[in-house]
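**Q** This is the structure I want to talk about, given as structure tokens.
The values are calculated or read from the model by the stated rules, or taken from the named source; none is laboratory data. Everything numeric in this text was worked out from a predicted model, so none of it was measured. Virtual Cβ from ideal backbone geometry, glycine too; neighbours counted across all protein chains shown.
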Amino acid sequence: MISVDAYRETVTELLGRAPVTTVPLADAAGLVLARDVLADVALPPFDNSAMDGYAVRAEDVAEVPVVLPVADDIPAGRVDVEPLKPGTAQRIMTGAPLPPGANAIVMVEDTDRGTTEVRISRAASSGNHIRRTGEDVTKGTIALRAGTVLGHSHLGLAAAVGLAELEVYRPLSVLVVSTGTELVEAPNPLRHGQIYESNSVMLAAALRGLGCRVDVIRSVVDDVEEFRKIIEPRLANADLLLTSGGVSAGAYEVVKDALTGQGVEFRKIAMQPGGPQGCGRWNGVPVVTLPGNPVSVLVSFEAFLRPALLSAMGHTAIDRRRVRARLTEDMPTPLGRRQYRRGFYTQAEGEVTGEVGPRGGPGSHLLAAFTQANCLIVLPEETGDAQRGDEVDVLLL
Ligand code: AMP
Ligand code: MG
């Protein structure tokens, strides 16, 4: 048996680091920036008005009320602004360029809104309501740092400094395959002995949530020839083949039978659920084979797949938040395996340590219980049964 940590390392190495690629801003959300972005323009690019009002010289409005002729009108977007003559005002809108010679904006609320001449009722000091060139970003400096997980604000800034594309770590393309002759896809009716397929739906959603591209083969029967025939032609475009089912110790273990001796190694990981696992390369393509029980799939995803995929796509924050919490119930657990139980974590206001109780039993088929959980309770391999009141590790989902 190999430890969860060692296996996580193995899978992380298998996935390596995705190549850098250039994508349009619209496709970059959630991806990791691979290179620093230098600002080719300052933000703001020119001195401009922060208010709708009148551009003036502060010295001309030192004593109020005062009436000034309105010499010009400057809407946002005007590119041929005339200098401000002393003793005059120019009507100006928010975001419009400041006319040379003006050093203050009087907001429209402090005037009679005149268009030929304007009566100003409040004095303005130099610099009032002016947004200065480069106040937000200085031209030539780093606007976004490599390693940034691109959210909408980052994409906005990239757009604002004039970029249409960004260099990112390429999202991995994952081919998800569920195996099992018993699997049926809705809306087909279930016959006794069959179940509806759910793993590929969960995996596809979880992978997309990390930024991966996903291709799904909803179900392959437990037949080695079929398995190879259906999957091999679709491998070429994948960065990872991710299967579920068919890797345990029984008969009809299609994934194990098809890929043993083909570059994929099958072994037992010291974890529960999700013990039987396999990984390696098939025709050069990285392969990770998960067991079939839905909760094993979800726990495997948390225990090693999610961090390995995030790391491959350039993320540095790859771990879920881990906290300590007091158990509200006894929890029997086997020695020698790390057990991941579905739990519900709460932290009362003012309490340093939260509490956690199980949601559902240890059975790896209890999918509904997983949906009611907000964390995984991690019971380490080296300790046996945990008692109510014990402090345990909790991974917040
Ligand atoms: P296996 O690992 O193939 O032995 O499957 C273990 C258990 O998980 C069996 O009860 C399967 O019916 C179930 N199972 C396998 N694949 C899926 C799937 N894609 N969706 C839902 N249940 C599955
Ligand atoms: Mg199966």
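**Q** What residue, of 225, 182, 197, is among the acidic types (Asp, Glu) and either assigned by TED's automatic domain parsing to the domain that holds residue 37 or over 20 Å from residue 276 (Cβ atoms) (or both)?
**A** Exactly one residue qualifies, and that residue is 225.
**Q** Additional query: Going through segment 169-184 one residue at a time, which ones are within 10 Å of ligand 1 (Cβ to nearest atom), in a loop (DSSP other than H, G, I, E, B) and either hydroxyl-bearing (Ser, Thr, Tyr) or under 14 Å from residue 204 (Cβ atoms) (or both)?
**A** Scanning segment 169-184 gives a single hit, 181.
**Q** A further question follows. Of the numbered conditions (1) farther than 28 Å from residue 337 by Cα; (2) within 14 Å of ligand 2 (Cβ to nearest atom); (3) touching an Asp or Glu at 6+ places or on another chain (Cβ under 8 Å), residue 234 fails exactly one; give the number of that condition.
**A** (2)
**Q** Still on this structure, please answer the following. When you look at residue 182, is it without any contact (Cβ under 8 Å) to a residue 60 or more places away in the chain, of a type in the set (Asp, Glu) and either surrounded by fewer than 12 Cβ atoms within 10 Å (Cβ to Cβ) or farther than 30 Å from residue 210 by Cβ (or both), yes or no?
**A** The answer is no for residue 182.
**Q** Still on this model: Evaluate the following for residue 219: is it within 16 Å of ligand 2 (Cβ to nearest atom), surrounded by fewer than 18 Cβ atoms within 10 Å (Cβ to Cβ) and either in contact (Cβ under 8 Å) with a residue 60 or more places away in the chain or of a type in the set (Ser, Thr, Tyr) (or both)?
**A** So residue 219 does not fit the description; no.
**Q** Moving to a separate point now. Kindly indicate which of 250, 274 is within 11 Å of ligand 1 (Cβ to nearest atom), out of contact with any strand residue (DSSP E or B) (no Cβ under 6 Å at 6 or more places or on another chain), modelled with pLDDT of 95 or more and not in a strand (DSSP E or B).
**A** Result of the check over 250, 274: 274.
**Q** Can you tell me which residue among 180, 162 is within 16 Å of ligand 2 (Cβ to nearest atom) and small (Gly, Ala, Ser)?
**A** Only one candidate qualifies: 180.
**Q** Give segment 332-352 a look and list any residue that's in a strand (DSSP E or B) and either among the polar types (S, T, N, Q) or at pLDDT below 95 (or both), or say none.
**A** Selection gives 339, 346.
**Q** Continuing with this model, one more query. So is residue 186 under 26 Å from residue 298 (Cβ atoms), more than 16 Å from ligand 2 (Cβ to nearest atom) and under 17 Å from the mean Cα position of the chain (by Cα) or not?
**A** No.
**Q** Out of the strands (runs of 3 or more DSSP E) lying entirely within segment 73-163, which hold 1 or more residues that are in contact (Cβ under 8 Å) with a residue 40 or more places away in the chain and either more than 27 Å from residue 316 (Cα to Cα) or in contact with a Gly (Cβ under 7 Å, 6 or more places away or on another chain) (or both)?
**A** 89-92, 104-107, 117-120
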